[in-house]
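Undergrad: Quick one: the structure is below, questions incoming.
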Amino acid sequence: MSQYIALFQAAVVFGTVILFGALGEILTQKSGSLNLGVPGVMYLGGIAGLATAFFYERSCAAAGTTPVPALCLLLSFLAAFAAAALGGLLFSFLTITLRANQNVTGLTLTIFGGGVANFFGGSLNSMAGGVGQISVAATSAAYRANIANQADLGVFGSLFLSYGFMAYLAILVAIVLWYFLNRTRTGLNLRAVGENPATADAAGINVTRYQYLAACIGAGISGLGGLYYTMDYIKGTWSTDGTIESLGWLAVALVIFATWKPLMAILGAYIFGCLTWLYFYIPNLTRSSQELFKMIPYLVTIAVLILVSLRKKRENQPPAHLGLPYFREER
């Protein structure tokens, strides 16, 4: 029983990282913009949150005071969201205003975000005294604090109450995003922009404003995945092994798996987490077999993509104008 609980917990923690990334990308793609820079904005969110926490805790140590947990959370959270949103703003300026190719711009943003993050991550390592010496213990502890004493609730507590607040925040964001896209006028306008921007423009909807806001806010949400990875998943340090980039691409795959539905993304994120860590709980696997298990989430995504393409249900298809530039003068 303990192995199943451990697998479920690992799936939730892993799934939360890619869930933030996927939700932000769903919002962006609903406006018709295809941002393949998700790994890059996750990098930006992760390093911005870590750097802010590092300098805050360092200043507290120099002043001989104790870091305030609430302030640790607030500063790092806002820094992560803002840095990732700036990445989304850069993407928007290049693809919406300058009409650059969205695929190339997104890939460039991924490279740019990874380079910037690893540069500053290396600088923080040097300031902390060497590789692996970064420690933002107070901030990381605040992110990893359980919302309740799960030991008092037995198996239920272990399964559902043994996570930091961001695991629950991701679920809340998914629910709010679903409601926004399906039950509000602004959300329906956003979907109209992604389906047919010319028609939306003729109806008086400001296409450029909607696309800018969707890309910036969506990038900010995706950046929270990098923050969660840094503060919770690897416990407040920095890693240059490229894991954030691989998780970013998995988040993009999750968008397809969820068929652009926020609520489906919750289930898909935890399934991906379970499939990713399943090999760890199967005895006597060779290393090559472990690598095959790590491929399963991507294979499942391909299978879902094929199935959706064959069924051709409109509600399971991407926005009709996804990835295409909008030229108002050609309306």
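The values are calculated or read from the model by the stated rules, or taken from the named source; none is laboratory data. Just so it is clear, the structure is predicted and the values come from calculations on it, not from any experiment. So basically every Cβ, Gly included, is an ideal-geometry build from the backbone, and we count neighbours across all protein chains shown. Just the protein is used for accessible areas: all its heavy atoms, side chains included, with ligands, DNA and RNA removed. Shrake-Rupley method; radii C 1.70, N 1.55, O 1.52, S 1.80 Å.
Undergrad: If I take all pairs of Cα atoms in segment 10-82, what percentage of them are more than 16 Å from each other?
TA: Above the 16 Å cut-off, segment 10-82 has 60 percent of its Cα pairs.
Undergrad: Suppose the chain between residue 104 and residue 203 were pulled fully straight at 0.36 nm per residue; how much longer would it get relative to their current alpha carbon spacing?
TA: In short, 32.6 nm is gained.
Undergrad: Pop out the carbon and sulfur fraction of the accessible area of segment 211-261 as a percent, whole number, probe 1.4 Å.
TA: 65
Undergrad: Can you give the FRET efficiency to the nearest 0.05 for residue 196 and residue 82, using r as the Cβ-Cβ distance and R₀ = 35 Å?
TA: FRET efficiency, residue 196 to residue 82: 0.60.
Undergrad: Rank by packing, highest mean first: peptides 106-114, 35-43, 163-171, with packing defined as the count of other Cβ atoms within 10 Å averaged across residues.
TA: Most protected by this proxy first, the peptides run 35-43, 106-114, 163-171.
Undergrad: With the chain treated as a Gaussian network of Cα nodes joined by springs under 10 Å, which of 23, 98, 159 yields the largest mean-square fluctuation?
TA: Result for the chain, Cα springs under 10 Å: 98 fluctuates most.
Undergrad: List the pairs from 30/261; 30/294; 235/294 whose alpha-carbon separation is above 18 Å, in the order I gave them.
TA: Over 18 Å apart, Cα to Cα: 30/294; 235/294.
Undergrad: Translational diffusion coefficient of segment 57-213 at 4 °C, 1.567 mPa s, Stokes-Einstein with Kirkwood Rh over Cα pairs, in µm²/s as a whole number.
TA: Here the translational diffusion coefficient equals 66 µm²/s.
Undergrad: Have a look at 184, 95, 28 and tell me which one the Gaussian network model of the chain (Cα, springs below 10 Å) gives the largest fluctuation.
TA: Looking only at 184, 95, 28, the largest GNM fluctuation is found for 184.
Undergrad: On a C-alpha basis, how far is the centre of segment 48-70 from the centre of segment 195-232 in Å? Whole number, if you could?
TA: Value for the Cα centre distance between the two parts: 31 Å.
Undergrad: Is segment 1-124 best put as rounded, prolate or oblate by its Cα gyration tensor, with a ≥ b ≥ c the root eigenvalues, rounded for a/c under 1.5, and otherwise prolate when a/b is larger than b/c, oblate when not?
TA: Oblate is the answer for segment 1-124, as a/c is 1.5 or above yet b/c matches or exceeds a/b.
Undergrad: Going highest first, how would you order 316-322, 136-142 by mean Cβ packing within 10 Å?
TA: Going from most to least packed, we get 136-142, 316-322.
Undergrad: Over the chain, with the other protein chains present, what is the accessible area per residue in square angstrom, probe 1.4 angstrom?
TA: Value for the chain: 46 Å² per residue.
Undergrad: So if R0 is 25 Å, what FRET efficiency would residue 317 and residue 97 give, r being the distance between their Cβ atoms, rounded to the nearest 0.05?
TA: After rounding to 0.05, the efficiency reads 0.35.
Undergrad: Using only helices, what value at 222 nm comes out for the chain when you add -39,500 (n - 2.57) per DSSP H run of length 4 or more and divide by the total residues, to the nearest 500 deg cm²/dmol?
TA: Using -39500 (n - 2.57) per qualifying helix, the result is -24000 deg cm²/dmol.
Undergrad: Here is a further query. Quantify how much of the Cα-Cα distance distribution of the chain extends past 38 Å, in percent.
TA: Tail fraction, whole percent: 16.
Undergrad: Take the eigenvalues of the Cα gyration tensor for segment 254-331, scale each by 5, and report the square roots as semi-axes in whole Å, largest first.
TA: Its equivalent ellipsoid spans semi-axes of 34, 13, 12 Å.
Undergrad: Another one. Which three semi-axes in whole Å describe the equivalent ellipsoid of segment 157-286, each the square root of 5 times a Cα gyration tensor eigenvalue, listed largest first?
TA: Semi-axes (√(5λ), whole Å): 33, 16, 15.
Undergrad: Right, something else. Suppose R0 equals 35 Å; then what is the FRET efficiency for residue 74 and residue 155 from their Cβ-Cβ distance, rounded to the nearest 0.05?
TA: Calculated transfer efficiency: 0.55.
Undergrad: Then there's this: Can you tell me how much longer the chain between residue 280 and residue 180 gets when fully stretched, taken as 0.36 nm per residue apart minus their C-alpha distance, in nm with one decimal?
TA: Gain on stretching residue 280 to residue 180: 32.2 nm.
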